[in-house]
Amino acid sequence: MTRAAPTQGPAVTLVIGSGSVKCAAAIGVVKALADAGIGIERVVGCSGGALFAAAVAMGFDAATMADITVRTWTREVTSKRNHLGFLRLLAPRLFGFRPDSFGLRDDAPMLAAFRAVFGQQRVEDTPIPLHITATDFLNGELVDITRGDLVEAIRASASLPLAFAPVKLGDRLLIDGYMSDPLPVSVAMKNGGRVIVAVGFESPYQNNIRSAGRFAAQLSAILANNLLKSRLAFQSAAHHSEMILILPEFKQRVGLFDTAKVPYLIEEGEQAALQQLPYLHALLDAERERREPVAA
Amino acid sequence: MQITLTPHDTLAVLAITGSIDSLNADELTQRFAQAMDQGHVRLVADFSLVNYTSSAGLRSLLGAVKSCRLAGGDLRVAAVQPQVNRVLEIAGFTSILNIYPDVRHAVESFTEAA
């Protein structure tokens, strides 16, 4: 597949942050933008958002993206245990603990699900320029993946710590993108994005913490939410143009694999985007006038 | 967006109406600067009628807060609507801004500190 000519007409850079199945709200955002005649000139995705960013970059429509979500984001895809991982957790010396292969879940079903959707697609060949973010396990840096196998890139971006093993890409060992920035607006800024639509999600806090797993999830949510806020504070202050935050609020509780709620998530995302459309239109009109000043 | 400046004894209240975004953030920045030029380094931004703020609006607020504090005063924000507070909160601004439930409390906070 070859990359198309740059989008004609009004367009934005779309950033989809981490948020597990809640990232399906981005489908509604994309639908609202498309219905309003607003194109997407670049898309950035992180963790769960990487899957949807890839689908947007491929030019899939909302119905196709919803179908992909239901097929790929299932409990079955992530519930297969990695028994060696558990043994390495319990007896690291005996079973040879290695950070580059440590994970408590087997990623084979997830990889198969992603491969069924994206095949051998490469990141650099998507019709819309695509950036997938991950985190360098050795130094914590945000890694912007713009080349290589698309499925490997998504898998690296969604390497939920402890659950899935890091991914070796080139000379880097990569873990989940949310560990360096849950909503990587900086990637859009560095690539010249002016009008940036950022779809972000806060990590949910646990109601009942009665296991070590939930305890760890609570710690992770605290860190991720504080990181989200601090990064957004800096990026808001530093961006030279405009960033429109879309932060869908879900009245219904959404579990990690609540694919039954995908239609609800899409609707909430679309409604959140529709609220921003009047301003977005005015902003894009102003951008067009700035680029093409009316001849005197 | 509409802005009305009301001077008090030792401070000024800027009542802002509408959306603060990149199409009008410069105007807000100028109004903050004008208030400071008039000697008001203690400012209260009445947000009761602000229904939206974008990153451009956040930058305007940040610049005004820094200028006021450098001059020994402060910009305090009052009556922030929930949808605007969510943006302030998610962008970390609630950790650096002094925010009050209404203008009266914001004005009194300066008196208490004096």
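Tell me which residues, restricted to the range A:91-110, are assigned to a helix (DSSP H, G or I) and either in contact with a strand residue (DSSP E or B) (Cβ under 6 Å, 6 or more places away or on another chain) or surrounded by fewer than 16 Cβ atoms within 10 Å (Cβ to Cβ) (or both). Can you show your working first?
Taking the range A:91-110 first, the residues assigned to a helix (DSSP H, G or I) are A:92-95, A:99-101, A:108-110.
Scanning the range A:91-110 gives A:92, A:93, A:94, A:95, A:99, A:100, A:101, A:108.
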What number of residues in the range B:62-77 are without any contact (Cβ under 8 Å) to a residue 40 or more places away in the chain and touching a helix residue (DSSP H, G or I) at 6+ places or on another chain (Cβ under 8 Å)? 9
Would you point out which residue out of B:98, B:85 is under 22 Å from residue A:228 (Cα atoms), away from chain A (no Cβ under 14 Å) and surrounded by fewer than 20 Cβ atoms within 10 Å (Cβ to Cβ)? B:98
Might you let me know whether the range A:160-176 holds any residue that is touching a Ser or Thr at 6+ places or on another chain (Cβ under 6 Å), away from every other protein chain (no Cβ under 14 Å) and of a type in the set (Asp, Glu)? yes
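Being aliphatic (A, V, I, L, M) and within 11 Å of chain B (Cβ to nearest Cβ) narrows it down to one residue among A:282, A:273, A:260; which is it? Full working, then the answer.
Numbers: A:273 fails: within 11 Å of chain B (Cβ to nearest Cβ); A:260 fails: within 11 Å of chain B (Cβ to nearest Cβ).
That would be A:282, the only listed residue that is aliphatic (A, V, I, L, M) and within 11 Å of chain B (Cβ to nearest Cβ).
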Being part of a helix (DSSP H, G or I) and surrounded by fewer than 22 Cβ atoms within 10 Å (Cβ to Cβ) is the filter here, so list the residues in the range B:65-82 that pass it. B:66, B:67, B:68, B:69, B:70, B:82
Scanning for something part of a loop (DSSP other than H, G, I, E, B), in contact (Cβ under 8 Å) with a residue 60 or more places away in the chain and not hydrophobic (A, V, I, L, M, F, W, C), does the range A:137-160 turn up at least one residue? no
Of everything in the range A:242-281, what is in contact (Cβ under 8 Å) with a residue 60 or more places away in the chain and part of a loop (DSSP other than H, G, I, E, B)? Give them in sequence order. A:248, A:250, A:254, A:255, A:256, A:257, A:258
Residues satisfying the stated conditions in the range B:21-45, i.e. among the aliphatic types (A, V, I, L, M) and either over 23 Å from residue B:104 (Cα atoms) or not in a strand (DSSP E or B) (or both): B:23, B:25, B:28, B:33, B:35, B:36, B:41
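In this structure, does residue B:26 turn out to be acidic (Asp, Glu) and away from every other protein chain (no Cβ under 14 Å)? Explain how you work it out, then say what you get.
Details: acidic (Asp, Glu): yes; away from every other protein chain (no Cβ under 14 Å): no.
No: the conditions fail for residue B:26.
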Residues in the range A:219-241 that are of a type in the set (A, V, I, L, M), more than 7 Å from chain B (Cβ to nearest Cβ) and without any contact (Cβ under 8 Å) to a residue 40 or more places away in the chain total 4
Of A:165, A:212, A:216, which residue is farther than 27 Å from residue A:28 by Cα and free of Cβ contacts under 8 Å to residues at least 40 places away in the same chain? A:212
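From the list A:180, A:203, A:186, which one is within 14 Å of chain B (Cβ to nearest Cβ), in contact with a Leu (Cβ under 9 Å, 6 or more places away or on another chain) and farther than 24 Å from residue A:250 by Cα? Full working, then the answer.
Numbers: A:180 fails: within 14 Å of chain B (Cβ to nearest Cβ); A:203 fails: farther than 24 Å from residue A:250 by Cα.
Selected residue: A:186, the only one of A:180, A:203, A:186 that is within 14 Å of chain B (Cβ to nearest Cβ), in contact with a Leu (Cβ under 9 Å, 6 or more places away or on another chain) and farther than 24 Å from residue A:250 by Cα.
Every number here is computed from the coordinates shown, using simple stated rules; none is lab data. On a predicted model such as this, the values are computed, not experimentally measured, just so you know. Here the Cβ is made from the backbone with ideal geometry for all residues, glycine too, and neighbour counts use every protein chain on show.
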